[in-house]
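K.L.:
One structure follows; several queries about it will come next.
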Amino acid sequence: MGRILAIDYGTKRTGLAVTDEMQIIAFGLTTVNTKDLMVFLKDYMLSEKVDKFVVGEPKQMDNTASESEIYIQKFLEKLEKEIPNVPIERVDERFTSKMAFQTMIDSGLKKKQRQNKALIDEISATLILQNYLASNS
């Protein structure tokens, strides 16, 4: 069994999270510059088996697509073309950034550490993955 890799796509930075090989536990992997994302994913897949990509789907409160969905769709087309053998699922990512920030507060991180946007992206990807695992268990 391989890992599930979650992607919290952003135009500048992208947060990544993965499961263990049994696909039970989600944990943050890293945050990468979005321009380097495809190279990172291909390199990662050389050393780890990935069964599925889970990509955050940003929605407005009225359930319509967020403005950033245009960029995510372009990324998804490229991902399907360059890594065609790994299925992609989408997960509603509303509130994950706010939940990530609250997680940082709850864990006792200092204000300076909470300003680390890369860490927020990584935690957001982890929350997306946890939501996916919970809804599919």
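Read the figures in this text as sums done on the coordinates, not as results from a lab. What you see is a predicted model, and the numbers here were worked out from it, not measured in a lab. Every residue, glycine as well, gets a Cβ built from its backbone with ideal geometry; the counts of neighbours run over all protein chains shown.
K.L.:
Got a sec to turn the phi values of segment 37-47 into Karplus ³J(HN,Hα) couplings, 6.51 cos²θ - 1.76 cosθ + 1.60 with θ = phi - 60°, whole Hz, x for Gly and Pro?
P.N.:
With coefficients 6.51, -1.76 and 1.60, one gets 4, 5, 4, 4, 4, 5, 5, 4, 6, 6, 10 Hz.
K.L.:
Once amide H atoms are built 1.01 Å from N in the peptide plane, which residues 5 or more positions from residue 57, or in another chain, come under 5 Å H to H?
P.N.:
91, 92, 93
K.L.:
Using label points projected 7 Å from each Cα along Cα→Cβ, tell me how many nm separate residue 25 and residue 112, to one decimal.
P.N.:
3.0 nm
K.L.:
Give the peptides 19-32, 80-93, 119-132 in descending order of average Cβ contacts within 10 Å, highest first.
P.N.:
119-132, 19-32, 80-93
K.L.:
OK, next. Using a cut-off of 20 Å between alpha-carbon atoms, which lysines can reach residue 52, once sequence neighbours fewer than 8 places away in the same chain are excluded?
P.N.:
Residue 52 reaches 42, 74, 78, 81.
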